[in-house]
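Below: one structure, written as structure tokens.
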Amino acid sequence: MIKVNNLSKEFHEQGTSNELLAVDHVDFTIQNGSFCALVGESGSGKSTLAQLMCGLLVPSSGEVLFEGKNISLCRGKQKQVLRSKIQLILQDGKGAMDPRFTVYQIIAEPIRNFRKLSKKEEEREINDLLTMMELPEEIKLRKAHELSGGQQKRVCIARALAAQPDVLIFDEAVSGLDVLVRKHILDLLKRLHQERKMTCFFITHDLDVALYLADRVMVMRCGKIIEDRTFHGSTDCFTHPYTKLLLHSIAPYLG
Ligand code: ADP
């Protein structure tokens with residue numbers, strides 16, 4: 001379980017003496033095995049929140065508890081273990097992978113860092129992950145920059161899974177992909193969530209993607225969570241005027 005308590009993050013605005021509250025006193029709890037989506041326009045604080053949730057940023061105030069432990073107070077081995085348990089998958093798949101490494105080496109890295117597998121077990125695990133991500137085995141020897149955008153994204157997910165995480169946080173992870181590739185990856189994530197009972201937190205500026213994927217949708221605006229609803233297929237649950245405006249804008253695309 002992840003518990004976010006009265007969490008804020010302030011940045012110093014470049015070139016001015018102003019402080020900017022990117023995340024503004026946010027509270028929520030994510031239950032194990034749930035699929036939550038966080039929706040908001042660019043600059044609303046989503047990425048900052050994601051980085052706070054996996055310990056990459058230190059809060060200005062408040063706390064993030066993972067299985068009862070304050071993430072920003074973890075040090076040394078405890079911090080490493082925590083990092084492996086909450087994996088962040090970013091939009092820029094290519095940028096997240098070392099261009100000198102082959103796909104095999106990229107996926108093997110978390111296995112070598114966090115798990116003790118024999119060479120044979122490692123190989124089997126990587127083959128299984130490639131199959132799960134619907135990637136051909138021969139891709140193992142290729143470098144990240146030789147792959148398509150969709151393949152890069154799948155390798156990033158395989159790499160995150162190789163660490164055996166409890167939570168996957170996707171930050172605009174399907175943005176920039178063409179619609180068919182995007183749909184394939186979204187379906188893959190749905191399956192992954194159902195089969196592995198993995199906790200997923202999916203950040204997007206597309207409300208239609210959030211509604212397609214998640215059973216809970218949070219809406220963020222100006223650093224605050226302005227709406228947080230369990231979604232059972234009907235959009236009637238959303239009541240905030242801003243969410244209604246978003247819904248209105250995607251109405252032509254909803255079935
Ligand atoms: P989103 O992911 O919703 O697009 P971000 O979390 O990236 O939003 O940014 C929220 C706000 O915080 C923006 O105004 C952004 O410019 C600012 N911000 C983000 N990171 C930093 C930083 N490292 N230094 C200063 N301001 C930042």
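By DSSP, what percent of the beta bridges with both residues in the range 2-250 are antiparallel, rounded to the nearest 5?
55
With a 1.4 Å probe and every protein chain left in place, work out the accessible area per residue of the range 2-250 in Å², rounded to a whole number.
Values: 12190 Å² over 249 residues.
For the range 2-250, the per-residue accessible area is 49 Å².
Relative to the Cα centre, what is the charge dipole magnitude of the range 2-250, using +1 at the beta carbon of each Lys and Arg, -1 at the beta carbon of each Asp and Glu, and rounding to the nearest 20 debye?
860
Amide H neighbours of GLN91 under 5 Å, at least 5 residues apart or on other chains, H built in the peptide plane: list them.
Sorted by chain and number, the residues that satisfy this are ASP171.
Amide H to amide H, which residues 5 or more places from LEU20 or on other chains are under 5 Å from it, using H placed in the peptide plane?
PHE11, HIS12, GLU13
Just order 136-146, 56-66 by mean Cβ neighbour count inside 10 Å, highest at the front, would you?
On the way: 136-146: 13.5, 56-66: 16.7.
Most protected by this proxy first, the peptides run 56-66, 136-146.
Can you give the accessible area of CYS156, probe radius 1.4 Å, in Å² rounded to 10?
Looks like 10 Å² after rounding.
Students often check this: by mean Cβ neighbours within 10 Å, which of 201-210, 243-252 ranks highest, and how do the rest follow? Write down the numbers at each step before the final one.
Working: 201-210: 21.9, 243-252: 13.1.
Answer by packing, highest mean first, reads 201-210, 243-252.
How about LYS244: which lysines have a C-alpha closer than 23 Å to its C-alpha, ignoring those fewer than 8 places off in the same chain?
Leaving aside lysines fewer than 8 places away in the same chain, those within reach of LYS244 are LYS46, LYS224.
Where does the chain land at 222 nm, in deg cm²/dmol rounded to the nearest 500, when only DSSP H runs of n ≥ 4 count, each adding -39500 (n - 2.57), divided by all residues?
For the chain, the value works out to -11000 deg cm²/dmol.
In the chain, what is the volume of the convex hull around the alpha carbon atoms, normalised per residue and reported in Å³?
146
Whole-Hz ³J(HN,Hα) for each residue in the range 162-174, computed from phi via Karplus 6.51 cos²θ - 1.76 cosθ + 1.60 with θ = phi - 60°, x for glycine and proline: what do you get?
Result, rounded to whole Hz: 4, 7, 6, x, 8, 10, 10, 10, 9, 9, 6, 5, 10.
Round to the nearest 10 and give me the degree value, 0 to 90, for the angle of helix 76-85's Cα axis relative to the longest principal axis of the chain.
Roughly 90 degrees, rounded to the nearest 10.
With the dipole of the range 2-250 worked out from charges on the C-beta (+1 for Lys and Arg, -1 for Asp and Glu) around the Cα centre, which of ASN70, VAL81, HIS145 lies farthest toward the positive end?
The listed residue farthest towards the positive side: VAL81.
In degrees between 0 and 90, to the nearest 10, how far off the longest principal axis of the chain does helix 103-114 point, with axes built from Cα atoms?
Rounded to the nearest ten degrees, it is 80.
The values are calculated or read from the model by the stated rules, or taken from the named source; none is laboratory data. Since we're looking at a predicted model, the values are computed, not measured. Glycine also receives a Cβ, built like all others from the backbone with ideal geometry; neighbour counts cover every protein chain displayed. What goes into the accessible areas is simple: the full protein's heavy atoms, side chains included, and nothing from ligands, DNA or RNA. Shrake-Rupley method; radii C 1.70, N 1.55, O 1.52, S 1.80 Å.
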